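Rule-based calculations on the coordinates, nothing more; no lab input. This one's a predicted model, so the numbers in the text were calculated from it and none came from an experiment. Ideal geometry is used to build each Cβ from the backbone, glycine not excepted, and the neighbour counts take in all protein chains shown.
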Amino acid sequence: MSLLQLKNVTQVFDDEVVLKDIDIDIEKGKFYSILGPSGSGKTTMLRIISGFSKPTSGQVIFEGKDISNFPANKRNMNTVFQNYSLFPHLNVYENVAFGLALKKVDEKTISKKVAKVLQLVQLEHFEGRMIDELSGGQQQRVAIARAIVNEPEILLLDEPLSALDMKLRKNMQYELRQLQQELGITFIFVTHDQEEALAMSDEIIVMNDGIVQQSGSPVDIYDEPVNHFVANFIGESNIVDGQMLDDYQVKFVGKEFECADAGIPQNERVEVVIRPEDLDITTKDNGKLIVNVDSQSFRGDHFEIMAHDEDDNNWLIHSTNPAKESMGIGLFFEPEDIHVMRLNESEEDFDARLESYEE
Amino acid sequence: MNKLFSRIYLTILIILLYLPIFYLILFAFNKGNNMGVFQGFTLSHFQELFADKRLISIVINTFLIAILSSLFATIIGLGGALLIDSLKSKKAVNTYLSLNNILMVSPDVIIGSSFLILFTVLGFSLGFMSVLLSHIAFSIPIVVLMIIPRLKEMNRTMIDAAQDLGATNFQVFSKVTLPYLMPSILSGFFMAFTYSLDDFAVTFFVTGNGFETLSVEVYSRARQGVSLEINALSALIFIFSLIMIVIYYLLSVRSKKMIKNGKGRVV
């Protein structure tokens, strides 16, 4: 049974539709990411879940009960806010104890629970510190401790890592993931950073224009994006126009290729996605495609090579070794590396089609 | 060199500012009867002062008015600041703030005479109440002005965070907004307190027979030549202010320490 559901949730602000008919299902104990560019409606969705906004229409169902009209202070969820929103007039201990104190938990229990979560976020000796004496990373931890000490069913995180520097952010990603597994509570993590979402989540919900574009495991979403937006937003992609000739036969850049997709009407116009790391550099004779290299740049663990074919389609290649020649190199890829997307296919139709031929 | 210069500059400045007060205090101990020449040490002016029942009761009245008016002004001003802040339209906020500031800058004489007219028209008898009401009225803009900036820099998501942690609207106010604003509320209160103690012009207009505050009394006595009793009173008030400031300082240091060691304050 699902823990939380949004059913046909629509949100309109001043005639602007921010969320369109959202349906999502959140299961217990999983790490979810709501991923999308700014203005995609992801924060609005989080505010509807947490109870700070009331949807224009639709329902929020929590453990089978409609909680659409419950205010934020009556929901069994807690939020870690983007700018932490700690209370500057209270010290670390008092910040963390705030929620429990409101619930009239006795002081002994509070002090025990606070000590435990502070240990969990590695801030054991910071109880008496003022908030403005803490670094950004430490404030972040206090914010997390303040939320999880209440033992919520769902922890909502609104881009909590965006203010941290790169290295700290990576560390916090691991720690958050570990924390989620230790506590076993459901995390809903809002972010615009696709790498973050891929690294941490059990499930990703990709949002754009107020619509859920695709939801699924990170691997599914990366390998089988439903449309141009998802393919482009998550990871890097080469996307070219093509035509479906038959099941497992697709034509693009003027050639026919074997592919792993089926269930698409013959001769339909489609888009073809090939990930840059799936393109291997080979000799002209072995290549399925012949390209000329425009530029190469070293990225530490790989080379990023920009190339174009004779029809002037650009190809991005990730390769462990640099291309030795710049004119007329071959590109090789397997049929499974080709991913075919129908234009304007909904996520439902996409899933159904995949199921029809994938055993 | 630069450091030396700033030291000398500041020392001279402080001496210049305090010199008249110390001069006044010095002559509180003068054997003579005026501020002309220091003729020797005596405490007789202090004895005179403590025997002067009328002056003592005026001092008490003055402090009573100051405490009551600043207390009411702080409560009313806090409400006003919160309401102004809650306004959605920027234009309305600016209008209210400008109206507030006009009261701040308009001369006491005008405010005093307008209160006099108001009380006369209403048939309100002049005395303790009229003085108290007008002191409350001219203190409110000060309090509003002290609280508004702190409200402006308040992070609004703090309120979301409190609600998220289960706080009702009242608890958000009592446990987050109010404690957060407390420093500005306190400074508003103290500003209002000193404004009320200081005030001469407004009180002069709205006070009636039988009720006087210190400034009005000193003014009327000064017209017959200041007696050294007033010097003695000034000396005492100066020492009192000094003690108040030390207490204020100790309190603010202690509240910082309390936050550091605080465990039970939210409970």
**OP:** Give me the lysines in straight-line cross-link reach of A:K324: C-alpha distance below 17 Å, same-chain residues under 8 apart excluded.
**Re:** A:K284
Subject >> Estimated translational D of region B:38-145 in µm²/s (Stokes, Kirkwood radius over Cα pairs; 10 °C; 1.306 mPa s) >> reply: 95
Original post:
Using the alpha-carbon atoms, what tilt in degrees (0 to 90, nearest 10) does helix B:108-122 show relative to the longest principal axis of chain B?
Top reply: 80
Subject >> Rh (Kirkwood; distinct C-alpha pairs) - region A:102-253, Å >> reply: 18.3
Subject >> Computed [θ] at 222 nm, deg cm²/dmol, the protein assembly as shown (DSSP H ≥ 4; -39,500 (n - 2.57); rounded to nearest 500) >> reply: -15500 deg cm²/dmol
Subject >> Given charges at Cβ of Lys, Arg, Asp, Glu: the protein assembly as shown dipole, positive-most of B:V216, A:T282, B:L122 >> reply: B:V216
**OP:** Measure nothing fancy, just the Cα-based angle from helix A:107-120's long axis to the longest principal axis of chain A, in degrees from 0 to 90, nearest 10.
**Re:** 30
**OP:** Let me know the Kirkwood hydrodynamic radius for region B:196-256, please, with Cα pairs as the basis and the value in Å to one decimal.
**Re:** 13.8
Subject >> Qualifying GluC sites (Glu not before Pro) for region A:86-144 [loop in DSSP, other Cβ within 10 Å: at most 15] >> reply: none
**OP:** Please list the radius of gyration and Dmax for the protein assembly as shown, considering alpha-carbon atoms only, with Å as the unit.
**Re:** 36.7, 120
Original post:
Check A:N208: other-chain or 5+ apart residues with amide H under 5 Å from its amide H, H built from backbone geometry?
Top reply: A:Q213
Original post:
Under 27 Å from the Cα of A:K113, which lysines turn up, not counting those fewer than eight places away in the same chain?
Top reply: A:K28, A:K30, A:K74, A:K103, A:K104, B:K175, B:K256, B:K257, B:K260, B:K263
Original post:
Under the classification rounded if a/c is under 1.5, otherwise prolate if a/b is larger than b/c and oblate if not, where does region A:227-359 fall, given a ≥ b ≥ c as square roots of the Cα gyration tensor eigenvalues?
Top reply: prolate
Original post:
So what are the ³J(HN,Hα) numbers for region A:334-348, from phi and the Karplus equation (6.51, -1.76, 1.60; θ = phi - 60°), rounded to whole Hz, Gly and Pro as x?
Top reply: 7, x, 5, 6, 8, 10, 9, 10, 7, 6, 6, 8, 6, 4, 4
Original post:
Helix B:228-261 versus the longest principal axis of chain B: what angle, 0 to 90°, nearest 10, using Cα atoms?
Top reply: 30
Original post:
To the nearest 20 debye, what charge dipole does chain B have about its Cα centre, counting +1 at the Cβ of each Lys and Arg and -1 at the Cβ of each Asp and Glu?
Top reply: 1040
Original post:
So how strong a dipole does region A:207-285 carry about its Cα centre when Lys and Arg Cβ are +1 and Asp and Glu Cβ are -1, to the nearest 20 debye?
Top reply: 220
**OP:** Can you tell me the relative contact order of chain A? Whole percent, Cα pairs under 8 Å, sequence separation 6 or more.
**Re:** 15
Subject >> Relative contact order of chain B, defined on C-alpha pairs under 8 angstrom at six or more residues apart (%) >> reply: 31
Original post:
Just counting partner chain Cβ atoms within 10 Å, what average do the residues of peptide B:150-158 show around their Cβ?
Top reply: 3
Subject >> Order by protection proxy (mean Cβ within 10 Å, highest first), peptides B:66-79, B:17-30 >> reply: B:66-79, B:17-30
**OP:** Would you please classify the overall shape of region B:43-260 from the alpha carbon gyration tensor, given that a ≥ b ≥ c denote the square roots of the eigenvalues, rounded means a/c under 1.5, and beyond that prolate means a/b larger than b/c while oblate covers the rest?
**Re:** oblate
Original post:
Can you pull the mean other chain C-beta count within 10 Å for peptide A:93-101?
Top reply: 6
Original post:
For region B:43-260, with the dipole built from +1 on Lys and Arg beta-carbon atoms and -1 on Asp and Glu ones, taken about the Cα centre, which of B:V59, B:A137, B:F200 lies farthest toward the positive end?
Top reply: B:A137
Original post:
What list of ³J(HN,Hα) values in whole Hz, one per residue of region A:144-161 in order, does the Karplus curve 6.51 cos²θ - 1.76 cosθ + 1.60 (θ = phi - 60°) give from phi, with Gly and Pro shown as x?
Top reply: 5, 4, 4, 7, 7, 5, 7, 6, x, 6, 10, 9, 9, 10, 9, 6, x, 9
Original post:
For region B:202-211, what does the Karplus curve 6.51 cos²θ - 1.76 cosθ + 1.60, with θ = phi - 60°, yield as ³J(HN,Hα) per residue in whole Hz, taken in order and with x for Gly and Pro?
Top reply: 4, 4, 4, 6, 9, 8, x, 5, x, 10
Original post:
If you bin the C-alpha pair distances of region A:31-150 every 10 Å from 0, what whole percents do you get?
Top reply: 12, 37, 31, 17, 2
**OP:** Calculate the mean, over all residues of peptide B:175-182, of how many other protein chain Cβ atoms lie within 10 angstrom of the residue's Cβ.
**Re:** 3
**OP:** Considering only A:Q296, A:Q243, A:Q82, give the residue with the highest GNM mean-square fluctuation for chain A, with springs between Cα atoms whenever their separation is below 10 Å.
**Re:** A:Q296
